[in-house]
1. Which Cα, out of Ile193, Ser8, Phe121, lies furthest along the positive dipole direction of the chain (beta carbon charges, K/R +1, D/E -1)?
2. Restricting to DSSP H runs of at least four residues, report the calculated mean residue ellipticity at 222 nm for the chain, -39500 (n - 2.57) per run over all residues, nearest 500 deg cm²/dmol.
3. If you count, for each residue, the other Cβ atoms within 10 Å and average over each peptide, how do 177-186, 70-79 line up from highest to lowest?
4. Kindly express, to the nearest 10 degrees and within the range 0 to 90, the angle between helix 137-159's C-alpha long axis and the longest C-alpha principal axis of the chain.
5. Got the relative contact order for the chain handy, in percent, Cα pairs under 8 Å and 6 or more residues apart?
6. Net charge within 14 Å of Lys187 by Cβ-Cβ distance, Lys/Arg positive one each and Asp/Glu negative one each, not counting Lys187 itself?
7. Sort Glu146, Glu135 so the one with the fewest other Cβ atoms within 10 Å of its own Cβ comes first.
8. Which order do the peptides 20-29, 106-115, 45-54 take when ranked by the mean count of other beta-carbon atoms within 10 Å per residue, highest first?
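Taken together, the values in this text are just the output of simple stated rules run on the coordinates, not laboratory data. Given the structure is predicted, the values throughout are model-derived calculations rather than measurements. Using ideal geometry, Cβ is built from the backbone for each residue, glycine included, and neighbour counts are taken over all protein chains shown.
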Amino acid sequence: METLATLSLMLGSAWAAGINLYAAVFVLGYLANTGAATLPPSLEVLADPLVMGIAGILYLIEFFVDKTPGVDTGWDALHTFIRIPAGAVLAAGMAQGIDVGPAAEFAALLVGGGLAATSHFTKAGTRVIINTSPEPFSNWAASIAEDLAVIGGLWTALYHPVVFLGLLFVFILLSIWLLPRIWRALKHIAGAIGRFFGGKGGETESPPAGKRRDVLRELYRDGDDNSPKG
């Protein structure tokens with residue numbers, strides 16, 4: 001059962017890192033400090049007060065940034081290069097608690113990175129779609145729901161690993177169904193923005209190059225016919 005709990009926490013850490021890395025790090029450090037969870041040696045640094053303090057400050061910053069329409073999308077874009085590698089490192093570190101070999105730890109690194117990427121892109125893509133709504137309340141609701149999901153998910157992964165693994169499986173299936181639809185919606189939004197700025201100011205489409213040459217030829221011919229005769 002201990003191995004199952006460690007496996008659940010390994011996958012849960014990677015999944016949570018893709019949604020809110022700083023909340024995940026703070027919660028893992030808190031669980032270690034209270035004795036609720038035993039972290040592998042490579043991740044014991046998460047329980048250090050300095051690490052927890054920095055994670056808490058960054059979480060507070062993200063708490064407000066993540067609830068501002070448009071700004072949250074820029075924040076998510078920047079954290080594409082932070083959350084995914086961090087999720088991979090957390091998963092590989094947790095794998096050490098199962099006492100597996102280097103090959104299994106590297107496999108955990110790959111799985112953790114893929115899981116963090118899945119949760120990150122699902123969150124980031126959904127946020128872009130939510131930002132098309134004119135009111136800010138949906139951003140607040142989505143952000144608070146994500147924070148609660150990270151905290152509740154890690155707690156469930158630790159105390160109810162079977163339940164968490166079942167919910168994680170459902171999340172993966174939902175993401176497989178949802179991500180292509182999110183991608184099509186993002187393409188539609190990008191196209192609408194391009195058409196808006198492309199048509200702004202009443203600009204008309206310029207004629208093809210061949211048509212322009214015909215027009216110039218007619219202008220030159222008219223100029224010769226109207227020239228004064230000697």
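1. Projecting each Cα onto the dipole axis, the largest value belongs to Ile193.
2. Helix contribution divided over all residues of the chain: -27500 deg cm²/dmol.
3. 70-79, 177-186
4. Compared with the principal axis, the helix lies near 30 degrees.
5. 28
6. +3
7. With the fewest neighbours first, Glu146, Glu135 line up as Glu135, Glu146.
8. Result, highest mean first: 20-29, 106-115, 45-54.
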